[in-house]
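In what follows, a single structure is set out as C-alpha coordinates and then discussed.
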Amino acid sequence: MIHLPEDNFKHQGMRKKLIDQLRLKGIDNEGVLTAMMKVPRHFFLDLAFLNQAYSDHAFQIGAGQTISQPYTVAYQTALLNIKKGEKVLEIGTGSGYQTSVLLEMGAKVFSIERQKELFDRAMELLPAMKYSPKLFYGDGYKGLPGYAPFDKILITCGAPFVPEELVKQLKVGGIMVIPVGAGEVQVMNLITKISETEIDKKELKNFRFVPMLENKAWGKGKVIVITKVTK
Ligand code: SAH
(Lines give C-alpha, C1' and ligand atoms only; values in the text may rest on other atoms or scores of the structure.)
Protein backbone atom coordinates (compact mmCIF):
# COMPACT_ATOMS: atom_id res chain seq x y z
CA MET A 1 0.00 0.00 0.00
CA ILE A 2 1.24 3.45 -0.91
CA HIS A 3 1.50 6.12 1.76
CA LEU A 4 0.32 9.53 0.51
CA PRO A 5 2.11 12.61 1.83
CA GLU A 6 -0.01 15.34 3.39
CA ASP A 7 -1.46 18.22 1.44
CA ASN A 8 -1.55 21.09 3.92
CA PHE A 9 -1.89 24.90 3.77
CA LYS A 10 1.77 25.27 2.89
CA HIS A 11 1.38 23.00 -0.16
CA GLN A 12 -1.87 24.67 -1.15
CA GLY A 13 -0.19 28.06 -0.91
CA MET A 14 2.64 26.90 -3.14
CA ARG A 15 0.09 25.56 -5.60
CA LYS A 16 -1.83 28.84 -5.60
CA LYS A 17 1.39 30.68 -6.49
CA LEU A 18 2.01 28.29 -9.36
CA ILE A 19 -1.54 28.87 -10.65
CA ASP A 20 -0.95 32.64 -10.46
CA GLN A 21 2.21 32.21 -12.54
CA LEU A 22 0.27 30.23 -15.15
CA ARG A 23 -2.27 33.08 -15.36
CA LEU A 24 0.57 35.55 -15.91
CA LYS A 25 1.87 33.31 -18.70
CA GLY A 26 -1.50 33.56 -20.44
CA ILE A 27 -3.47 30.52 -19.25
CA ASP A 28 -7.02 31.83 -18.80
CA ASN A 29 -9.13 28.68 -18.84
CA GLU A 30 -10.71 28.70 -15.36
CA GLY A 31 -11.78 25.06 -15.57
CA VAL A 32 -8.17 24.01 -16.20
CA LEU A 33 -6.77 26.27 -13.47
CA THR A 34 -9.35 25.01 -10.94
CA ALA A 35 -8.49 21.39 -11.77
CA MET A 36 -4.76 22.11 -11.41
CA MET A 37 -5.40 23.82 -8.07
CA LYS A 38 -7.02 20.58 -6.88
CA VAL A 39 -4.26 18.14 -7.85
CA PRO A 40 -1.36 17.98 -5.35
CA ARG A 41 1.57 17.94 -7.79
CA HIS A 42 4.00 17.06 -4.99
CA PHE A 43 2.38 13.60 -4.75
CA PHE A 44 3.99 12.80 -8.12
CA LEU A 45 7.58 13.60 -7.11
CA ASP A 46 9.79 12.46 -4.28
CA LEU A 47 9.09 14.60 -1.19
CA ALA A 48 12.68 15.88 -1.31
CA PHE A 49 11.67 17.80 -4.44
CA LEU A 50 8.81 19.79 -2.95
CA ASN A 51 10.04 23.09 -4.41
CA GLN A 52 10.40 21.55 -7.85
CA ALA A 53 6.83 20.20 -7.58
CA TYR A 54 5.53 23.78 -7.46
CA SER A 55 7.88 25.48 -9.89
CA ASP A 56 6.86 25.78 -13.52
CA HIS A 57 9.32 23.23 -14.87
CA ALA A 58 9.42 19.66 -16.11
CA PHE A 59 11.16 17.26 -13.72
CA GLN A 60 12.75 13.80 -13.78
CA ILE A 61 10.42 10.97 -12.73
CA GLY A 62 12.65 7.96 -13.51
CA ALA A 63 13.09 5.73 -16.57
CA GLY A 64 14.60 8.75 -18.36
CA GLN A 65 11.18 10.47 -18.43
CA THR A 66 9.77 13.70 -17.04
CA ILE A 67 6.58 15.02 -15.50
CA SER A 68 5.49 17.72 -17.97
CA GLN A 69 5.91 21.39 -17.12
CA PRO A 70 2.73 22.76 -15.48
CA TYR A 71 2.43 25.38 -18.25
CA THR A 72 2.46 22.62 -20.86
CA VAL A 73 -0.17 20.60 -18.97
CA ALA A 74 -2.37 23.71 -18.71
CA TYR A 75 -1.84 24.60 -22.38
CA GLN A 76 -2.62 21.12 -23.71
CA THR A 77 -5.60 20.63 -21.40
CA ALA A 78 -7.07 24.00 -22.40
CA LEU A 79 -6.78 23.07 -26.11
CA LEU A 80 -8.70 19.84 -25.48
CA ASN A 81 -11.76 21.79 -24.28
CA ILE A 82 -12.86 18.95 -21.98
CA LYS A 83 -16.54 18.51 -21.19
CA LYS A 84 -17.71 16.33 -18.29
CA GLY A 85 -18.08 12.68 -19.20
CA GLU A 86 -15.98 12.81 -22.35
CA LYS A 87 -13.79 9.83 -23.20
CA VAL A 88 -10.17 10.91 -23.40
CA LEU A 89 -7.22 8.81 -24.56
CA GLU A 90 -3.87 9.95 -23.20
CA ILE A 91 -0.59 8.68 -24.65
CA GLY A 92 2.22 8.81 -22.07
CA THR A 93 0.84 8.39 -18.54
CA GLY A 94 4.27 9.15 -17.08
CA SER A 95 3.75 10.29 -13.49
CA GLY A 96 -0.04 10.36 -13.87
CA TYR A 97 -0.20 14.10 -13.14
CA GLN A 98 -1.81 15.08 -16.45
CA THR A 99 -4.16 12.10 -16.10
CA SER A 100 -5.30 13.45 -12.72
CA VAL A 101 -5.93 16.93 -14.13
CA LEU A 102 -8.13 15.43 -16.86
CA LEU A 103 -10.02 13.37 -14.24
CA GLU A 104 -10.58 16.49 -12.13
CA MET A 105 -12.19 18.04 -15.21
CA GLY A 106 -14.69 15.19 -15.29
CA ALA A 107 -13.22 13.22 -18.20
CA LYS A 108 -13.17 9.43 -18.39
CA VAL A 109 -9.49 8.83 -18.94
CA PHE A 110 -7.77 5.95 -20.72
CA SER A 111 -4.00 6.32 -20.56
CA ILE A 112 -1.14 4.29 -22.05
CA GLU A 113 2.48 4.15 -20.84
CA ARG A 114 5.34 2.17 -22.36
CA GLN A 115 7.72 2.29 -19.35
CA LYS A 116 6.71 -0.52 -17.01
CA GLU A 117 8.21 1.19 -13.95
CA LEU A 118 6.11 4.32 -14.49
CA PHE A 119 2.98 2.34 -15.34
CA ASP A 120 3.34 0.34 -12.11
CA ARG A 121 3.79 3.49 -10.02
CA ALA A 122 0.75 5.23 -11.56
CA MET A 123 -1.30 2.05 -11.02
CA GLU A 124 -0.62 2.42 -7.29
CA LEU A 125 -0.64 6.16 -6.87
CA LEU A 126 -3.80 7.19 -8.73
CA PRO A 127 -6.19 4.77 -6.98
CA ALA A 128 -4.61 5.80 -3.65
CA MET A 129 -5.59 9.38 -4.58
CA LYS A 130 -9.15 8.06 -5.25
CA TYR A 131 -8.86 8.54 -9.00
CA SER A 132 -10.16 5.80 -11.30
CA PRO A 133 -8.53 6.08 -14.71
CA LYS A 134 -8.10 3.07 -16.98
CA LEU A 135 -4.34 2.62 -17.24
CA PHE A 136 -2.62 0.45 -19.83
CA TYR A 137 0.95 -0.76 -20.26
CA GLY A 138 1.61 -0.77 -23.98
CA ASP A 139 2.30 1.10 -27.16
CA GLY A 140 0.67 4.47 -27.63
CA TYR A 141 1.05 4.22 -31.41
CA LYS A 142 -1.57 1.49 -31.36
CA GLY A 143 -4.02 3.34 -29.13
CA LEU A 144 -6.86 1.29 -27.68
CA PRO A 145 -9.02 0.05 -30.56
CA GLY A 146 -11.19 -1.92 -28.12
CA TYR A 147 -12.24 1.29 -26.33
CA ALA A 148 -12.49 3.59 -29.37
CA PRO A 149 -13.85 5.98 -30.48
CA PHE A 150 -12.59 8.76 -28.21
CA ASP A 151 -13.90 12.31 -27.93
CA LYS A 152 -10.41 13.64 -27.35
CA ILE A 153 -6.87 12.30 -27.71
CA LEU A 154 -3.88 13.83 -25.94
CA ILE A 155 -0.28 12.94 -26.74
CA THR A 156 2.15 13.95 -23.99
CA CYS A 157 5.38 12.93 -25.76
CA GLY A 158 6.97 14.33 -28.92
CA ALA A 159 5.56 12.42 -31.90
CA PRO A 160 7.63 12.20 -35.11
CA PHE A 161 4.36 12.20 -37.10
CA VAL A 162 0.61 12.02 -36.51
CA PRO A 163 -0.14 8.30 -36.00
CA GLU A 164 -2.87 7.22 -38.38
CA GLU A 165 -4.17 4.57 -35.97
CA LEU A 166 -4.87 7.26 -33.35
CA VAL A 167 -6.73 9.43 -35.88
CA LYS A 168 -8.85 6.36 -36.67
CA GLN A 169 -9.76 6.05 -32.98
CA LEU A 170 -10.92 9.68 -32.75
CA LYS A 171 -14.64 10.48 -33.19
CA VAL A 172 -15.60 12.64 -36.14
CA GLY A 173 -15.76 16.11 -34.60
CA GLY A 174 -13.21 15.03 -31.97
CA ILE A 175 -9.99 16.83 -31.09
CA MET A 176 -6.42 15.56 -30.87
CA VAL A 177 -3.66 17.60 -29.24
CA ILE A 178 -0.24 16.35 -30.31
CA PRO A 179 3.26 17.84 -30.24
CA VAL A 180 4.81 16.94 -33.61
CA GLY A 181 8.51 16.91 -34.42
CA ALA A 182 11.21 14.24 -34.57
CA GLY A 183 13.98 16.51 -33.29
CA GLU A 184 14.46 18.45 -30.05
CA VAL A 185 11.55 20.80 -30.70
CA GLN A 186 7.92 19.97 -31.41
CA VAL A 187 5.11 22.10 -32.78
CA MET A 188 1.86 21.76 -30.86
CA ASN A 189 -0.77 20.58 -33.31
CA LEU A 190 -4.48 21.01 -32.70
CA ILE A 191 -6.21 18.48 -34.91
CA THR A 192 -9.93 18.25 -35.55
CA LYS A 193 -11.31 15.19 -37.28
CA ILE A 194 -13.72 16.55 -39.85
CA SER A 195 -14.74 13.28 -41.51
CA GLU A 196 -13.72 9.62 -41.46
CA THR A 197 -10.90 10.42 -43.89
CA GLU A 198 -9.97 14.06 -43.24
CA ILE A 199 -8.40 16.08 -40.50
CA ASP A 200 -8.01 19.79 -40.04
CA LYS A 201 -4.68 20.78 -38.56
CA LYS A 202 -3.68 23.94 -36.72
CA GLU A 203 0.00 24.46 -35.87
CA LEU A 204 0.55 26.40 -32.65
CA LYS A 205 3.55 27.09 -30.40
CA ASN A 206 6.83 25.20 -30.04
CA PHE A 207 7.48 22.91 -27.08
CA ARG A 208 10.08 20.36 -26.00
CA PHE A 209 8.88 16.89 -25.06
CA VAL A 210 10.55 13.55 -24.40
CA PRO A 211 10.14 11.48 -27.58
CA MET A 212 7.21 9.22 -28.38
CA LEU A 213 9.21 6.06 -28.82
CA GLU A 214 8.60 3.28 -31.25
CA ASN A 215 9.29 -0.35 -30.72
CA LYS A 216 10.14 -2.36 -33.81
CA ALA A 217 7.99 -5.23 -32.58
CA TRP A 218 5.10 -2.86 -32.10
CA GLY A 219 5.37 -1.52 -35.66
CA LYS A 220 5.09 1.89 -37.20
CA GLY A 221 2.04 3.89 -38.22
CA LYS A 222 1.57 5.90 -41.39
CA VAL A 223 1.17 9.62 -41.91
CA ILE A 224 -2.41 10.62 -42.64
CA VAL A 225 -3.30 13.00 -45.46
CA ILE A 226 -3.65 16.53 -44.13
CA THR A 227 -6.37 18.45 -45.88
CA LYS A 228 -5.96 21.93 -44.44
CA VAL A 229 -3.17 23.61 -42.52
CA THR A 230 -3.81 26.86 -40.67
CA LYS A 231 -0.91 28.75 -39.13
N1 SAH B 1 1.63 13.01 -18.94
C2 SAH B 1 2.89 12.74 -18.29
C3 SAH B 1 4.05 13.17 -19.14
C4 SAH B 1 5.14 12.17 -19.11
S5 SAH B 1 6.40 12.39 -20.35
C6 SAH B 1 2.92 13.40 -16.91
O7 SAH B 1 2.06 14.23 -16.61
O8 SAH B 1 3.79 13.06 -16.10
C9 SAH B 1 5.81 11.37 -21.66
C10 SAH B 1 5.61 9.90 -21.38
O11 SAH B 1 5.32 9.26 -22.63
C12 SAH B 1 6.82 9.17 -20.81
O13 SAH B 1 6.47 8.60 -19.59
C14 SAH B 1 7.14 8.11 -21.86
O15 SAH B 1 7.58 6.89 -21.31
C16 SAH B 1 5.80 7.95 -22.57
N17 SAH B 1 5.88 7.39 -23.91
C18 SAH B 1 6.83 7.61 -24.86
N19 SAH B 1 6.54 6.91 -25.98
C20 SAH B 1 5.40 6.21 -25.73
C21 SAH B 1 4.61 5.30 -26.48
N22 SAH B 1 4.93 4.93 -27.72
N23 SAH B 1 3.51 4.78 -25.91
C24 SAH B 1 3.14 5.13 -24.64
N25 SAH B 1 3.86 5.99 -23.87
C26 SAH B 1 4.97 6.52 -24.40
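The values are calculated or read from the model by the stated rules, or taken from the named source; none is laboratory data. Computed from a predicted model, the values in this text were never measured in an experiment. Note that each Cβ is placed from the backbone with ideal geometry, even for glycine, and that neighbours are counted across all protein chains shown. Side chains included, ligands, DNA and RNA excluded: accessible areas come from the protein's heavy atoms. Shrake-Rupley method; radii C 1.70, N 1.55, O 1.52, S 1.80 Å.
I want to verify a result. In a Gaussian network model of the chain, Cα cutoff 10 Å, which of these has the top mean-square fluctuation: Phe44, Phe59, Phe119?
Its mean-square fluctuation being the largest, the pick is Phe59.
Roughly how many Å is it from the Cα centre of region 102-162 to that of region 164-198, as a whole number?
Distance between centres, Cα-based: 16 Å.
If you keep only loop residues by DSSP, which trypsin sites (Lys or Arg not before Pro) in region 51-95 have at most 11 other Cβ atoms within 10 Å of their Cβ?
On the way: sites: Lys83, Lys84, Lys87; in loops: Lys83, Lys84.
Within region 51-95, the qualifying trypsin sites (Lys or Arg not before Pro) (loop, at most 11 other Cβ atoms within 10 Å) are Lys84.
Tell me the angle of helix 70-80 to the major Cα principal axis of the chain, expressed in degrees between 0 and 90 and rounded to the nearest ten.
40 degrees
To the nearest 20 Debye, how big is the dipole of region 9-230 about its Cα centre, given +1 on the beta carbon of each Lys and Arg and -1 on that of each Asp and Glu?
Result for region 9-230 is approximately 320 debye, rounded to the nearest 20.
Where does the chain land at 222 nm, in deg cm²/dmol rounded to the nearest 500, when only DSSP H runs of n ≥ 4 count, each adding -39500 (n - 2.57), divided by all residues?
Calculated from helices alone, the mean residue ellipticity at 222 nm is -8000 deg cm²/dmol.
With a cut-off of 8 Å between alpha carbons and a minimum separation of six or more residues, what is the relative contact order of region 9-230 in percent?
This gives 14 percent for region 9-230.
How large is the accessible surface per residue of region 50-95, computed with a 1.4 Å probe and reported in Å² as a whole number? All intermediate terms of the calculation are to be shown ahead of the outcome.
Working: 1610 Å² over 46 residues.
Each residue of region 50-95 exposes 35 Å² on average to a 1.4 Å probe.
Within the set Lys25/Lys171; Lys130/Lys168; Lys84/Lys193, which residue pairs have Cα atoms separated by over 28 Å? Working shown, then result.
Working: Lys25/Lys171 32 Å; Lys130/Lys168 31 Å; Lys84/Lys193 20 Å.
Beyond 28 Å between Cα atoms: Lys25/Lys171; Lys130/Lys168.
Mind checking which of Leu118, Leu33, Leu50 has the largest fluctuation in a GNM of the chain, springs on alpha carbons under 10 Å?
So, out of Leu118, Leu33, Leu50, the one fluctuating most is Leu50.
Using amide H atoms built in the peptide plane, which far-off residues or other-chain residues are under 5 Å from Lys87 H to H?
Long-range HN contacts for Lys87: Lys108, Asp151, Lys152.
Keeping every protein chain in place, order Leu79, Leu47, Leu126 by accessible area at 1.4 Å, biggest value first, i.e. largest first. Could the numbers behind the result be given before it?
On the way: Leu79 40, Leu47 100, Leu126 0 Å².
Highest to lowest solvent-accessible surface, that is Leu47, Leu79, Leu126.
If you rank Ser132, Ser55 by how much accessible surface each has, with a 1.4 Å probe, what is the order from largest down?
I get Ser132, Ser55, largest accessible area first.
How large, in percent, is the carbon and sulfur part of the accessible surface of the chain at a probe radius of 1.4 Å?
Ligands and nucleic acids excluded, carbon and sulfur reach 55 percent.
Summing Lys, Arg as +1 and Asp, Glu as -1, what charge do residues with Cβ under 11 Å from the Cβ of Thr77 carry, Thr77 excluded?
On the way: positive: Lys152; negative: Glu90, Glu104.
Here the count lands on -1.
Report the local net charge at Gly140: Lys and Arg +1, Asp and Glu -1, summed over other residues whose C-beta lies under 11 Å from its C-beta.
Residues near Gly140 contribute -3 overall.
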